[in-house]
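Please treat every number below as a calculation from the coordinates, not as lab data. Keep in mind that what you see is a predicted model, and the values were worked out from it rather than measured. When we count neighbours, we look across all protein chains shown, and the Cβ atoms used for this are built from the backbone with ideal geometry, even at glycine.
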Amino acid sequence: MEGLVLRRTDYGESDQVVKIFLREKGTVSAIAKGIKRSKKRFPHHLEPFRIYDFKLARKKEGRDLYLIQAADQRHIYEGIQEDIRKIALGNFLLEIVLIAVREEHPHPELYAFMKDFFRALSRSDAIYPLWFYAMIHVMGLLGFSPNLQTCLKCGDPLRKGEANHFDPAGGVVCPRCATRLSINSLSPVNSETLSAMQFLKRCPPQAASRLQLTETARGCIETCLLNFIAYHLGRSLKTLAFLKEVLTPSQIS
Ligand SMILES: [Zn+2]
């Protein structure tokens with residue numbers, strides 16, 4: 001069964017529990033017996049950002065875990081594992097899948113998206129546009145697509161050049177509704193930010209990596225989308241602090 005690794009946790013001296021995202025089955029937990037000892041059965045150590053063909057033994061009655069009998073490596077997304085920013089971004093996405101996809105609930109569209117996205121990430125260094133692209137599309141595939149064409153409250157088309165706002169509950173709110181409703185979780189959305197988010201929502205991942213953003217728009221989109229994700233997942237992500245750290249240019253030259 002084709003799948004990718006979401007997380008590995010040490011289990012005893014030589015085993016690991018591996019959370020896997022399978023194309024046909026959704027997420028499952030499986031034990032990799034002897035992974036820390038045996039190079040024979042697991043020559044690749046089950047790394048993230050690779051596609052494997054897993055051979056799993058069925059769960060025994062009353063047990064939560066599958067047993068990984070074999071894992072053949074099918075594909076490596078070259079260039080991710082060598083760049084700390086790409087690893088951090090990849091792990092951020094894997095954490096969203098871990099939180100949002102229930103065990104043994106297949107999600108083939110999200111699985112296909114992850115493969116397309118890792119391909120784009122392996123070929124491009126445009127981390128910010130790819131990050132924003134991924135947030136919009138992963139959340140969309142999970143059923144939470146941000147409203148970016150019309151006002152979330154009144155449904156009027158959004159006009160560029162106006163002081164629009166972003167509501168983490170669902171998307172952009174026009175200035176009239178923002179004043180009338182005085183929602184205190186709103187953040188500002190200028191024209192550049194709105195156009196960039198609209199573009200990212202409709203473009204393929206390769207085009208996303210060509211998007212040029214000013215520092216202001218970047219900060220603005222980051223705030224909107226991170227608030228949107230935290231609102232819908234009901235928590236903030238553990239991988240976010242590390243991602244932000246590696247994306248901040250070092251003060252030491
Ligand atoms: Zn409105």
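Brief remarks on what is shown
- Within segment 155-168, residues that are under 18 Å from PHE144 (Cβ atoms) and without any contact (Cβ under 8 Å) to a residue 24 or more places away in the chain have Cβ atoms under 9 Å from residues that are near the ligand (Cβ under 10 Å from one of its atoms) and small (Gly, Ala, Ser) in these pairs: ASP167/ALA178, counting only partners at least 6 apart in sequence or on another chain.
- Yes/no for ILE80 being in a loop (DSSP other than H, G, I, E, B), within 28 Å of ALA126 (Cβ to Cβ) and either among the β-branched types (Val, Ile, Thr) or over 19 Å from the mean Cα position of the chain (by Cα) (or both): yes
- Tally, over segment 57-94, of residues that are over 30 Å from LEU226 (Cα atoms) and in contact with a strand residue (DSSP E or B) (Cβ under 9 Å, 6 or more places away or on another chain): 16
- Residues in segment 48-72 that are under 13 Å from PHE21 (Cα atoms), not in a strand (DSSP E or B) and not hydrophobic (A, V, I, L, M, F, W, C): PRO48 alone.
- Residue check for LYS40: outside any strand (DSSP E or B) and buried (at least 20 other Cβ atoms within 10 Å of the Cβ): no
- Scanning segment 181-205 for residues that are free of Cβ contacts under 8 Å to residues at least 24 places away in the same chain and basic (Lys, Arg) yields a total of 1.
- Residue ID - nearest to SER145 (Cα to Cα), chosen from residues in segment 208-239 that are exposed (fewer than 15 other Cβ atoms within 10 Å of the Cβ) and among the charged types (D, E, K, R): ARG235
- Of the helices (runs of 4 or more DSSP H) contained entirely in segment 95-207, those carrying at least 2 residues that are away from the ligand (no atom under 16 Å from the Cβ) and surrounded by 14 or more Cβ atoms within 10 Å (Cβ to Cβ) fall at 108-123, 127-141, 191-202.
- THR216 passes every criterion in (1) out of contact with any strand residue (DSSP E or B) (no Cβ under 9 Å at 6 or more places or on another chain); (2) in a loop (DSSP other than H, G, I, E, B); (3) of a type in the set (S, T, N, Q) apart from (2).
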